[in-house]
Structures are given as structure tokens and as C-alpha cells.
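**Q** Take this structure, written in C-alpha cells, and hold onto it; I'll ask about it next.
The values are calculated or read from the model by the stated rules, or taken from the named source; none is laboratory data. Owing to the predicted nature of the structure, the values given are computational and were not obtained by experimental measurement. Note that we place each Cβ from the backbone using ideal geometry, even for glycine, and neighbour counts take in every protein chain shown. SASA here: full protein model, heavy atoms, side chains in, ligands and nucleic acids out. Shrake-Rupley method; radii C 1.70, N 1.55, O 1.52, S 1.80 Å.
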Amino acid sequence: MSGGAGRFVMENLPPGSYQVRAVCGGFESPTLGVVVSEARQARVLLVLEPEGRSGRDLRLCDN
């Protein structure tokens, strides 16, 4: 889960490849691959697009 700005932290993940997915009702659910290395911080930027990309019914999600 993330805060209102969508930021989150996952600590102590073993090194490896991961898939990160963002989910919020009314929006597409993008997935992005990220490689976690030992003793390095990895950053992921996922942009949520409205379903159907109409842009008419934008909602803010704070789950």
C-alpha cells in the first residue's frame, strides 16, 4: 500500500528481478520490471492512466 502521493518503500528485499504493479480503481494497472541489487536503492516510476484513456473521470486514490 502507498500513501496519498503513491510513494512506498520495501526494505530488505533479496537481490533479484521483481515486477511492480500499481492498482487503483478506474485506472489502467501498469507493471514494470525492476532489478534489485545488494546495497543499492532501486526506484520505480509508474504512471496511472485512466481506463480507456478518456481522461474525463479522473479520481484520486488513497488506498
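**Q** Scan region 1-18 residue by residue and report those that are open to solvent by 80 Å² or more (accessible area, probe 1.4 Å), assigned to a loop (DSSP other than H, G, I, E, B) and in contact with a strand residue (DSSP E or B) (Cβ under 7 Å, 6 or more places away or on another chain).
**A** Pro15 - this is the single residue of region 1-18 that is open to solvent by 80 Å² or more (accessible area, probe 1.4 Å), assigned to a loop (DSSP other than H, G, I, E, B) and in contact with a strand residue (DSSP E or B) (Cβ under 7 Å, 6 or more places away or on another chain).
**Q** Cβ-Cβ distance below 6 Å, separation of 6 or more or different chains: which pairs start in region 33-54 with a residue that is within 14 Å of Gly16 (Cβ to Cβ) and without any contact (Cβ under 8 Å) to a residue 12 or more places away in the chain and end on one that is of a type outside the set (Lys, Arg) and open to solvent by less than 60 Å² (accessible area, probe 1.4 Å)?
**A** Qualifying pairs under 6 Å: Ala42/Val34; Ala42/Val36.
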